[in-house]
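Step one of this worksheet: look at the structure below.
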Amino acid sequence: MAVFSGSGGGGALLVDGLEAHGLTLPQLSDATVQAISKVFPPTHRQLPFDFGMLNPQAEPDPEVKGGGVGIAVDRAMSDPAVGAGLLLLTTQPWQEKVVEAAISAADRTNKPLAFVQGAGNHGDIARRMLREAGHGYFDSPHDAFKVLAVLAHRKEPEPATLPVTGCGVPDDLPSGFLTEPDARKLLEANGIPTTRWSFAKDADAAVRAAQEIGTAVAIKAVSAAIVHKSDIGAVRLGVQGDSAVHDACETIAQAARAAGVPKLDGYLVTEMWRADAELILGIQNDPEFGPLVMVGAGGVLVELMKDVQLRPAPLSHAMAREMLDGLRSRALLNGFRGRPPADLDAIADVLVRLGSIAAASNGRVQELDINPLFVAGNRIVAADARATLA
């Protein structure tokens, strides 16, 4: 980490903070030392660089603005031993000139150069210059260290070389908020398993669907006007027997009418499962970062734990496993209290498939949630899903 400052004391403080974050101050090569010999005296040709020691009469470099400052930053950032830079702006005179020079040098390198504005209100002009030039800044060196430490210690991601699985978004799906049957079709078209299910137009059809499933079932309202079915009482669990199924459908229809939905498309009838763990998985489209894949503690734990990992799509299998390992609730997947350990590779495969959907849809999948994904040993299945298509 190259360190630059307008004062020797400021540079020394930054150097002290490097070790605490697992960062080091490199030794510059002989070639770099030679390249800065005209702008620094012999005693100051190794990092940290103190701009107060620059030679004001140094010959300028036509490719870098800002005289000695630009040359010092440019040459140091070009050194093979330097992976990133940290520049502290203080209340030194001509701060705007320093920023202009540093921006010029930063634009010539593909290495991150972090700016710390330590001059309070005195630095507002420099802040504006940095924003307009597309460079971020920190008001605290501690925040800068945290970010640079993450950049320095991140593993080089395994290329997401797996082919796109499935077909992306089937052509027959409508735009807007999808009903759960359509969301399930999206998952199944891309190789993501769901609980056995059937769509029933009315209560009689729901009875026949439950008979075919042959066990206790869950029954849910189907309507694009209902986003959160359970919130309005439009879900019934553990329903068994013809009369119970018929009564459940009527209860759901009444709940929907009370919520302002006069007519349902029908009912979703699904098998019941006993899961060892529940996860939430999904796709989010961030306006700044693009499509992201999400995994976290699911079911009733979503709001309680807020235990979520996000990665940009597409994903490799190794990246998906890293996401699972980063969950605070990871122990629940290890065979907690005698339950069978989860098949982490199978869960990772679902994440990879979600990443493929997100990457291949070119933004059409605005949002997709699987909550919960039931996990029972090596059995992985989506029990509920919702999605919004552009």
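The values are calculated or read from the model by the stated rules, or taken from the named source; none is laboratory data. As the structure is a prediction and not an experimental result, all values here were calculated from the model. A quick note on method: Cβ atoms are made from the backbone with ideal geometry, for glycine too, and the neighbour counts reach across all protein chains shown.
Miscellaneous remarks
- Unique residue being among the small types (Gly, Ala, Ser), without any contact (Cβ under 8 Å) to a residue 40 or more places away in the chain and surrounded by fewer than 16 Cβ atoms within 10 Å (Cβ to Cβ) when the list is 70, 120: 120
- Subset of segment 193-213 that is among the β-branched types (Val, Ile, Thr) and in contact with a strand residue (DSSP E or B) (Cβ under 6 Å, 6 or more places away or on another chain) - its residue that is surrounded by the most Cβ atoms within 10 Å (Cβ to Cβ): 194
- Sole residue being in contact with a helix residue (DSSP H, G or I) (Cβ under 7 Å, 6 or more places away or on another chain), surrounded by fewer than 19 Cβ atoms within 10 Å (Cβ to Cβ) and under 22 Å from residue 82 (Cβ atoms), chosen from 105, 133: 133
- Those helices (runs of 4 or more DSSP H) of segment 2-99 in which at least 2 residues are under 20 Å from residue 137 (Cα atoms) and of a type in the set (A, V, I, L, M), considering only elements entirely within it, cover 8-20, 67-78.
- Positions within segment 220-235 being in contact with an Asp or Glu (Cβ under 9 Å, 6 or more places away or on another chain) and of a type in the set (D, E, K, R), in sequence order: 220, 229
- Condition check for residue 16: within 16 Å of residue 98 (Cα to Cα) and among the acidic types (Asp, Glu): no
- Condition check for residue 348: in contact with a Lys or Arg (Cβ under 8 Å, 6 or more places away or on another chain) and not polar (S, T, N, Q): yes
- Residues located in segment 159-181, provided they are modelled with pLDDT of 55 or more, part of a loop (DSSP other than H, G, I, E, B) and surrounded by 13 or more Cβ atoms within 10 Å (Cβ to Cβ): 166, 167, 168, 169, 170, 173, 178, 179
- On the stretch given as segment 54-64, residues that are touching a residue at least 40 places away in the same chain (Cβ under 8 Å) and either surrounded by 16 or more Cβ atoms within 10 Å (Cβ to Cβ) or within 17 Å of residue 93 (Cα to Cα) (or both) total 1.
- So residue 239, is it surrounded by 16 or more Cβ atoms within 10 Å (Cβ to Cβ), in contact with a strand residue (DSSP E or B) (Cβ under 6 Å, 6 or more places away or on another chain) and of a type in the set (Val, Ile, Thr): yes
- The listed residues are 253, 234, and the only one of them that is of a type in the set (A, V, I, L, M), over 36 Å from the mean Cα position of the chain (by Cα) and under 20 Å from residue 181 (Cα atoms) turns out to be 253.
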